[in-house]
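Rule-based calculations on the coordinates, nothing more; no lab input. Predicted model, so just to flag it, every value in this text is computed and none were measured. FYI the Cβ positions are ideal-geometry reconstructions off the backbone, even for glycines, and counts take in every protein chain you see.
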Amino acid sequence: MKLKILSPKTVNLSRSNAVKLRLLSLALGRPQGWHYYYDQSEIIDLVKINGRGTVLDAGAGFGIIQFFLASSGYDVTSLDYSIRKFPRYYGLLYRFDYLSNEGFDYHHDYQEFIKYKIALKQRLKKLFRPMESLYYILGIIAQIIVFGFLVVSRLFTLKKRPVIRVIRASFDEIPFEDSSFDNIISVSALEHSDPKNWKKVVQECRRCVKVDGRIIITTSGTSNIEDSWDEPTKSTLFSEKSVNEVFGSSLGTLNELELMQHYDQSWFWRVTLARYYKRMFKKFFGNNKVPYIPFVVVSGKD
């Protein structure tokens, strides 16, 4: 397995990918995690069989990468342990085929942390704060404009809506046959699962990927000696010891302080950083450190 720490200095974030990911984020109303553009760009560059392969997005949630790959011609299956129902207006751009997985039941604290819908009470609160109200209204206007542009572009080119298969399941028990997918990807999801199942997740991915396929997992690490619990994101951060045990490789010596310098020097990161993080910058990036170390793991079937 190959490992790499993800940052503006280690990932080749092309202008084309950056623009497409940004437009999708705006159009679908999905703010990005503070490092997600780099996770997603790395995956886009690594996914095999351009535009014609099958992809399982394990721990997909409402993440942008599944929509990006479906729009690029990939046959995408979206798997997550949460109950999901995509907003109706997404149907103007994509078709969703909800697959049955009878008897599946799963609970994790992260499910309570992630809120796929913003409560009406929260929306009303924003309207009574002048600056929040302004940003909120401008955000809605931008979303309508960009979403409309994408819909018109699809209609103008007479392209069919890509189909995304959606299933509720855990990625430590993937409900598909051996060698089902050309690519298995996972964006910042593994750290939100039970650490005792990490090895099993990797085994399941290897079982379900094709012989010449590729597994691409992004997750989060720490420079601490032991695994660390990150309360704000309800996640367990990989220590160097766990990285070696689960992936059989080394993460390297780059720490949170040095990595913060990589991100802080990137104009794209500063401009696109979601307002959620900007509003609570000291909480997430106190002492000039990133809260954790995002990294990617790349593997084949063996």
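Quick look at the numbers
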| quantity | calculated |
| --- | --- |
| Ranked 219, 253, criterion: other C-beta atoms within 10 Å, fewest first | 253, 219 |
| GNM flexibility winner over the chain from 153, 179, 72 (Cα, springs under 10 Å) | 153 |
| MRE, 222 nm, helices only [DSSP H, n ≥ 4, -39500 (n - 2.57), over the chain, to nearest 500] | -11000 deg cm²/dmol |
| Per-pair calculated FRET efficiency, R0 = 51 Å: residue 268 and residue 173 via Cβ, rounded to 0.05 | 0.85 |
| Computed label-point distance, nm, for sites residue 156 and residue 229 using a 7 Å Cα→Cβ extension | 5.2 |
| Environment charge at residue 2 (Cβ cut-off 12 Å; Lys +1, Arg +1, Asp -1, Glu -1) | +1 |
| Alpha-carbon Rg/Rh ratio, for the chain, with Rh computed the Kirkwood way | 0.94 |
| DSSP-defined antiparallel bridges as percent of all bridges, the chain, nearest 5 | 35 |
| Once the Cα gyration tensor of region 164-302 is diagonalised, semi-axes √(5λ) in Å | 29, 17, 15 |
| HN-Hα J in Hz across region 91-97 - Karplus 6.51, -1.76, 1.60, θ = phi - 60°, x for Gly and Pro | x, 6, 10, 9, 10, 10, 10 |
| Estimated dipole of the chain in Debye, rounded to 20 [Cβ of Lys and Arg +1, of Asp and Glu -1, Cα centre] | 1680 |
| Long-range amide H partners of residue 33 with built H, under 5 Å | none |
| Cα-based Rg and Dmax for region 1-58, where Dmax is the largest Cα-Cα distance (Å) | 12.3, 35 |
| Whole-Å semi-axes of the ellipsoid equivalent to region 28-97 (Cα gyration tensor, √5λ, descending) | 18, 16, 12 |
| The chain: most fluctuating residue of 181, 171, 96 per GNM, C-alpha cutoff 10 Å | 96 |
